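Working notes for the structure below.
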Amino acid sequence: MPRRLRQLLLAMAASLAFCVPALGAPVAAAEPGVLVLGRISDDPAAHYDQLRQLLDYVVPRMADVGIREGRVLMARDSKQMESYLRRGRVDWVTETSGSAMALQTRAGATPLLLTERDGVGAYHTVFIARRDSGIAGLADLRGRSIAFQNPSSTSAYFVPAMTLIGRGLELEILLSPTDRPAEGSIGYLFARSELNISTWVHKGLVDAGAFSNLDWESVQRMPESYRRDLVVFHSTAAFPRGLEMVRGDLEPAIAARLREVLAGAANDPAASEALQRFFGTTRFLPIDAETARALDLLRAGVANVGKVIE
């Protein structure tokens, strides 16, 4: 076989292998009587039990709208979840608000309820730098580097990126912390965790970092030994911490009953353990006018990030 043809066949085989879902075979689309709960996850084994327990609480309380079974379906990334939603393979998704707005824009998902975790329903992004860095505002980041968490984080990617873009600042991805941006632009990297962000800034590997005010206040993510050397030089407006979403074509009666069951769970002792397992959820709240306005801003910002730098 000619070498060029062999290389082409190997490339095609690799491409096909990549397209096979890494998290198991997907369930049939819109299977009657089955409620499918999904999440984008890089650790499906750990997240499965967190999702399963709440699903087991919800399903028996939805028999009156024809739900008899619940399933969990993980997606390896946002693109896979968008596909699941468009094809009716997932009915209900729990996500951070930035990722949720991306799913609404790209896959027609609909916000159902606000998710309050550990008693907190909203948070905001803080930009941090060393006190001796000379950075006093966002404009001072030109020609410097900033660490985000990962491409699906609301407070540590979507919100800071859309904030910088909204100020007319140009972003470019860097190859490593030692790489430098072009003059006049801001270089960014993904540190993968909030502790890495604070560590990279403290050790001078990057000039600045961005994550939530909750991370700034956490001694696990912002050790006291770091805090005295760092400063918050900019804070954003608040955004919802998490959202429960449903696919846009979910039967209205099922969506309405799901909303009712989740909204009442905080008042049901039988749900307390399931809620705690569900990423520390304390209650589900209706989306009021203030939350809707924040989501409108976030949706536009996430779309702009996708258009400008993704």
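See the values below:
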| quantity | calculated |
| --- | --- |
| Full-extension gain in nm, Ile173 to Val34, via 0.36 nm per residue minus C-alpha separation | 45.8 nm |
| Farthest toward positive dipole pole in the range 33-183 [+1 Lys/Arg, -1 Asp/Glu at C-beta], among Leu73, Val126, Thr154 | Leu73 |
| Lys/Arg +1, Asp/Glu -1 at C-beta; the range 219-262 dipole; positive extreme among Pro223, Ala255, Met245 | Pro223 |
| The range 96-254 - percent relative contact order, Cα under 8 Å, separation 6 or more | 41 percent |
| Inter-probe distance in nm under a simple model that places probes 7 Å from Cα toward Cβ, at Ser185 and Asp288 | 4.3 nm |
| Dipole magnitude (debye, nearest 20) for the chain, charges at Cβ of Lys, Arg, Asp, Glu | 920 debye |
| Of (i) 59, 42, 36; (ii) 66, 62, 32; (iii) 81, 53, 38, the label for Cα extents along the principal axes in Å derived from the coordinates | (ii) |
| Theoretical ellipticity at 222 nm over the chain - DSSP helices of four or more residues, -39500 (n - 2.57) apiece, nearest 500 | -11500 deg cm²/dmol |
| Likely footprinting exposure, Met62, Met74, Met81, fewest C-beta neighbours within 10 Å first | Met62, Met74, Met81 |
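Computed from the coordinates by the stated procedures, all read-outs in this text should not be read as laboratory data. Values in this document were obtained by computation on a predicted structure and should not be read as measured data. FYI the Cβ positions are ideal-geometry reconstructions off the backbone, even for glycines, and counts take in every protein chain you see.
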